[in-house]
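Let me begin by presenting the structure, written as structure tokens, before commenting on it.
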Amino acid sequence: MTSRLLRVTAPGGLKNLALSETEPAAATPGPGDIRVRVHASSLNYHDYMVCAIEGRAADGRIPMADGAGEVLEVGEGVEGFAVGDSVVSCFFPTWTNAADLPSNNAETPGDGIDGFARSEVTLPASWFTKSPEGWSHEEAATITTAGLTAWRALVVDGGLKAGQTVVTLGTGGVAVYAVQLAKALGARVISLSSSDAKLEKLRALGADEVINYKTTPEWGVKVRELTGGLGADHVVETGGIGSINQSVQAAKPGGHVAVIGVMSGFTGDFMLAAVLVRQVRVQGLLVGSPQHQREFVAALNATGLKPVIDRSFDLAELAEAFEYQLEARHFGKICVTI
């Protein structure tokens, strides 16, 4: 049996993604391992950087952090997984101690180690969780990075409670997941986009209020107006340095700003005085642990929430998929079928 596999070849860049259609099947699982037929992945900005920036990936690296598929074979001693189970990968598969926060991507699939742009993998069972019940493989592939990031921002780190106010920025995977999760947990949601058409989609998804940040550049003030002058309990900050000052302004005194995205860059002016005066908790985060993911999957099973998938591409079209992502016309997640 043969399988497909895609690598980033030196020096990197989207023109140097090499697809093979004649790879051997994954190895027979050893003790503690499972062999998985990977059916789908999904795109994240992190994956784009690995594939597109020259010198970012090791020569021959198999990209893509997200992987969802079916268990084909189970190694000795594996508990909790059986042949035929639908499973999804973990972004930080070796993060087992909650206190030991990972600070790099050395053990992140698709970056420091090989990822899921391939038909089969044999890996430790602990590197996966079950997929939510009734989800397609494409839907499950959105959990690993985007879904779990939104969950950690709002629930694990934020301690979101019903009745609180959440602000989301944009219409990418994390932001759309955050809208859905916040509404499912009983929060009020204020969502931002530069597109009026996308703002209407956010309303249809459940956003209570929407703001066009292009026509309302001081949207932090607008959020405070919409909250009776108080501000939001949580801001899911996916924009980066270009929006973080407005996020701080939008947060209530003692509010929580979850810093996730870097779309507008890493460096620039930061209003530290506003953080101090308003005593805002500004917290950076990188996805979550396997335990966080198990808890997230349990919540998805309980709520019936399903992700929003904008479009799917075949693995052979991965470069085109990233180019589509960069156009920023998508709403929700972009998936790849393996």
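Placing pseudo-labels 7 Å out from each Cα toward the beta carbon at Q291 and I53 gives an inter-label distance of 3.1 nm. When the chain is treated as a GNM with alpha-carbon contacts under 10 Å, the residue of A232, A52, A302 showing the greatest mean-square fluctuation is A302.
Between K214 and N97, the C-beta separation translates, for a Förster distance of 41 Å, into a calculated FRET efficiency of about 0.40. Amide hydrogen proximity for D33: with H placed 1.01 Å from N in the peptide plane, the residues at 5 or more positions away or on another chain lying under 5 Å are G75, E76, A125.
Which residue, V83, V308, V121, has the most motion in a Gaussian network model of the chain that connects Cα atoms within less than 10 Å? Most flexible of the set in this elastic network: V83.
Two numbers describe the Cα atoms of segment 212-338: Rg and Dmax, which are 17.6, 51 Å. The label point for A204 and the one for A274, both projected 7 Å from the Cα toward the Cβ, are 3.2 nm apart. Of the Cα atoms belonging to segment 158-284, the radius of gyration and Dmax stand at 13.0, 37 Å. When shorter helices are ignored and each DSSP H run of at least 4 residues is given -39500 (n - 2.57), the per-residue value for the chain at 222 nm works out to -6500 deg cm²/dmol. When S41, S86, S195, S289 are arranged by Cβ crowding within 10 Å, least crowded first, meaning fewest neighbours, the order is S195, S86, S289, S41.
A simple rule links phi to the HN-Hα coupling: the Karplus curve 6.51 cos²θ - 1.76 cosθ + 1.60 with θ = phi - 60°, which for segment 172-180 gives x, x, 5, 4, 5, 4, 4, 4, 4 Hz, with x for Gly and Pro.
Qualifying trypsin sites (Lys or Arg not before Pro) in segment 232-338, where qualification requires a DSSP coil assignment and no more than 14 other C-beta atoms within 10 Å, comprise R329. Return the single residue from G173, G77, G242 with maximal mean-square fluctuation; model: Gaussian network over the chain, springs between Cα atoms under 10 Å. Looking only at G173, G77, G242, the biggest GNM fluctuation is shown by G77. Be a star and scan segment 87-117 for residues whose amide nitrogen sits under 20 Å from the point 7 Å along the Cα-to-Cβ vector of N301. 87-91, by backbone N distance to the label point.
Read-outs: derived from the displayed coordinates by stated rules, not from any lab. Note that the structure is predicted; figures quoted are calculated from it, not measured. Counting neighbours? That spans all protein chains shown, and the Cβs are built from the backbone with ideal geometry, glycine included.
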